[in-house]
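Here's the structure we're looking at; comments come further down.
Values in this text are rule-based calculations from the coordinates and carry no lab data. Not measured: the values here are computed from a predicted model.
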Amino acid sequence: MAELRAVIFDWGGTLTRWHDVDFHAESLALAQAVVNADHHDPSEITTRLHEAGGIVWGRSRDHQQSATIADLFTEAGLDHDPELLQAYYEFWLPHTPTDPEVRPMLEELREMGLKIGVLSNTIWPREWHVGFFERDGVYDLIDGDVYTSEIPWTKPSPKAFRAAMEAVGVDDPAACVYVGDRLYDDVWGAHEAGLRAIHIPLSTIPADQVGHTEGRPDAEVRALRELPDAVRSLG
């Protein structure tokens, strides 16, 4: 077994703590970015946006096809102004704080000589994610980060994992371990790409986001502070 050189993390539910989300309220926030909204019934707008979200994330789950916020509006058949996304951004802000255990955990991993990466399934732009990490004082500890809104694929596609490996400068998947809260996207996907996988089972994954397969992790932790020891156990 190759010596570990990098630890790559999922974001939501892994480096942030899990939150249940009111997706109807999310659609109401998105609706504020619709151009010429007065030409549509308000309930129709929110329904179309909610249904479009299900379609976009269904493609991610079933076909590993990435998307952006703009793609969601296109799927809904609605024009939008990116400058009007502030309500949507603010809706999500309470769900974005980095877990307080992240910085000391990442510092310990770096002291072990490991590269740190992030690979997140997301429709949000890179600058939002980087901004959250910078706000919380941890971005300086990340060697490479990939957000699926900027590549063609989502987890569990091996191509998404390879993009994250490239971002941290490691070309051997056996030298990488992926850490995430989902047994399909994160554990099964990592194994399919040749990485090892550590599961953090602290999230309540909605039924429509569960994939066709549940992977069996190489290790499991109940808190991020336990992660360095779990990584050591993998060699």
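Can you give me the Rg/Rh ratio for the stretch 23-94, using Cα atoms for both radii and the Kirkwood formula for Rh?
My calculation of the ratio gives 0.96.
What are the ³J(HN,Hα) values, in whole Hz, obtained from phi via the Karplus relation 6.51 cos²θ - 1.76 cosθ + 1.60 with θ = phi - 60°, for each residue of the stretch 62-72 in sequence order, with x given for Gly and Pro?
In residue order, the calculated couplings are 8, 10, 6, 9, 7, 7, 10, 4, 4, 5, 5 Hz.
Rounded to whole Å, give me the distance from the Cα center of the stretch 103-154 to that of the stretch 7-76.
22 Å
Please list 3J(HN,Hα) in residue order for the stretch 79-93, calculated via the Karplus relation 6.51 cos²θ - 1.76 cosθ + 1.60 where θ = phi - 60°; whole Hz, with x for glycine and proline.
For the stretch 79-93, the Karplus curve yields 7, 9, 10, x, 5, 9, 8, 4, 5, 5, 4, 5, 4, 7, 3 Hz.
So if I take the alpha carbon set of the stretch 124-174, get Rg, then get Rh from the Kirkwood formula, what is the Rg over Rh ratio?
1.00
Based on the Kirkwood radius over alpha-carbon pairs, what value in µm²/s does the Stokes-Einstein equation return for the translational diffusion coefficient of the stretch 37-163 at 25 °C and 0.890 mPa s?
Diffusion coefficient, whole number: 149 µm²/s.
Using the Cα gyration tensor of the stretch 57-105, with a ≥ b ≥ c the square roots of its eigenvalues, what is the shape: rounded (a/c below 1.5), prolate (a/b larger than b/c) or oblate (neither)?
Oblate is the answer for the stretch 57-105, as a/c is 1.5 or above yet b/c matches or exceeds a/b.
Given 25 °C and 0.890 mPa s, how large is the Stokes-Einstein diffusion coefficient of the chain in µm²/s, with Rh as the Kirkwood radius over Cα pairs?
Here the translational diffusion coefficient equals 134 µm²/s.
Rounded to the nearest 5, what % of DSSP beta bridges with both residues in the chain are antiparallel?
Antiparallel bridges: around 15 percent, rounded to the nearest 5.
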